[in-house]
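The values are calculated or read from the model by the stated rules, or taken from the named source; none is laboratory data. The shown structure was predicted, so the numbers you read here are calculated from the model rather than taken from an experiment. Glycine gets a Cβ as well: all are built from the backbone with ideal geometry, and neighbour counts include every protein chain shown. Just so you know, the surface numbers come from the protein's heavy atoms only, side chains and all, with ligands and any DNA or RNA stripped out. Shrake-Rupley method; radii C 1.70, N 1.55, O 1.52, S 1.80 Å.
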Amino acid sequence: MGQIEIRRTAGALGAEIGGVDLAQDLPDATIAAIRAALVEHQVIFFRDQDLSPTRQVALGRRFGPLNIHPYVSGMDGHPEVMEIIKEPSDKSNFGGGWHSDMSFLKTPAIGSILHAIQVPEWGGDTLFASQAAAFEALSPAMQATLEGLSAVHSAAREYASGGHSAQKRGSMKVAEADGYVGEYVHPVVLTHPESGRKALYVNPAFTMRFEGWKARESRPLLQFLFDHCRSEAFTCRFAWTKGAVAFWDNRSVWHYALNDYPGQRRHMRRVTVDPWPVAAARERAA
Ligand code: SIN
């Protein structure tokens with residue numbers, strides 16, 4: 001296999017990668033090049049891939065251990081593979097709001113790899129927003145204020161009975177989060193461990209309040225950030241084709257699955273990559 005080709009697709013984030021067949025057991029050097037492209041461009045796209053669930057799992061595991069979603073059941077025989085399906089009769093979609101995957105966990109996922117199995121004739125694009133660009137566009141004083149804050153994240157709102165994701169219980173196996181589902185605190189500004197670039201790490205789906213602040217005290221500043229973070233200049237948009245793959249970095253990217261294709265079917269498969277445990281990360285770096 002020759003060198004991979006990288007073509008930037010927008011100013012703030014996003015690149016299409018060519019010259020790579022993700023279904024192959026790729027050499028370490030190619031995996032390293034893909035990882036470097038992900039860190040640099042924050043979301044990368046591949047066209048015309050043919051990944052079985054087994055191959056998608058194998059690909060994901062080259063980047064880290066795979067997450068098993070606490071509320072959405074995986075495929076039979078492949079618990080790490082989440083099927084994201086909107087049937088023609090469905091009204092709501094999964095992921096139809098700005099979010100960062102799994103920020104409601106103690107150890108959030110670092111990346112997600114989404115593969116298009118069936119796409120609508122039109123519509124169904126995914127939007128991405130660079131939270132690094134969003135941080136960098138703030139004033140130094142606001143940046144300094146935010147760097148001193150942490151925020152509480154939880155799945156309670158999204159997966160509770162009326163939550164957006166829970167509404168997908170029809171065509172996807174989404175459990176209802178009833179009772180206490182846990183709250184975890186993360187810094188409001190994350191420093192990317194590989195690039196050193198800082199990014200905002202709050203999102204409208206899972207961030208509940210600032211740590212130590214009441215919810216109503218948190219609301220105005222969070223709302224300012226939620227509006228700021230989705231500014232057009234920080235975004236890119238991916239129009240899916242059958243077989244396409246998107247790989248995004250959850251530490252610095254929000255995403256939003258558009259629900260603008262009523263009456264059509266859309267079927268995707270996602271694996272979600274967790275960080276290497278500390279010991280494994282040290283061994284790999286040695
Ligand atoms: C998601 O992972 O939130 C869904 C993204 C999509 O289906 O485009």
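Numbers for the structure displayed
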read-out	value
Virtual paramagnetic centre 7 Å along Cα→Cβ of Ala36, amide N under 18 Å, in segment 185-215	193-197
Asp76 accessible area, 1.4 Å probe, all protein chains in place, Å² to nearest 10	140
Cα shape, segment 5-285, gyration tensor, a/c 1.5 rule	rounded
Net charge over other residues, Cβ less than 15 angstrom from the Cβ of Phe226 (K, R count +1; D, E count -1)	+1
Heavy-atom SASA rank of Asp125, Asp249 (probe 1.4 Å, accessible area, largest first)	Asp125, Asp249
Theoretical FRET efficiency, 1/(1+(r/R0)^6), r = Cβ-Cβ of Trp213 and Asp25, R0 35 Å, to 0.05	0.10
Under 17 Å between alpha carbons - lysine pairs in segment 5-285 that sit 8 or more apart or on different chains	5
Whole-angstrom gap from segment 188-238 to segment 69-110, using each part's C-alpha centre	21
Around Gly18: net Lys/Arg minus Asp/Glu count, Cβ-Cβ under 15 Å	-1
Where labels lie 7 Å past Cα in the beta-carbon direction, separation of Glu87 and Ser231 in nm	4.3
Heavy atoms of Cys236: accessible area, 1.4 Å probe, square angstrom to 10	10
Neighbourhood net charge (15 Å Cβ-Cβ; Lys/Arg +1, Asp/Glu -1) for Glu80	+2
Segment 5-285 - charge dipole about Cα centre, Lys and Arg +1 at Cβ, Asp and Glu -1, debye rounded to 20	300
Kirkwood-based Rg to Rh ratio, segment 168-261, C-alpha trace	0.99
Spin-label pair Asp260/Glu5, simplified geometry with 7 Å Cα→Cβ offset, distance in nm	2.8
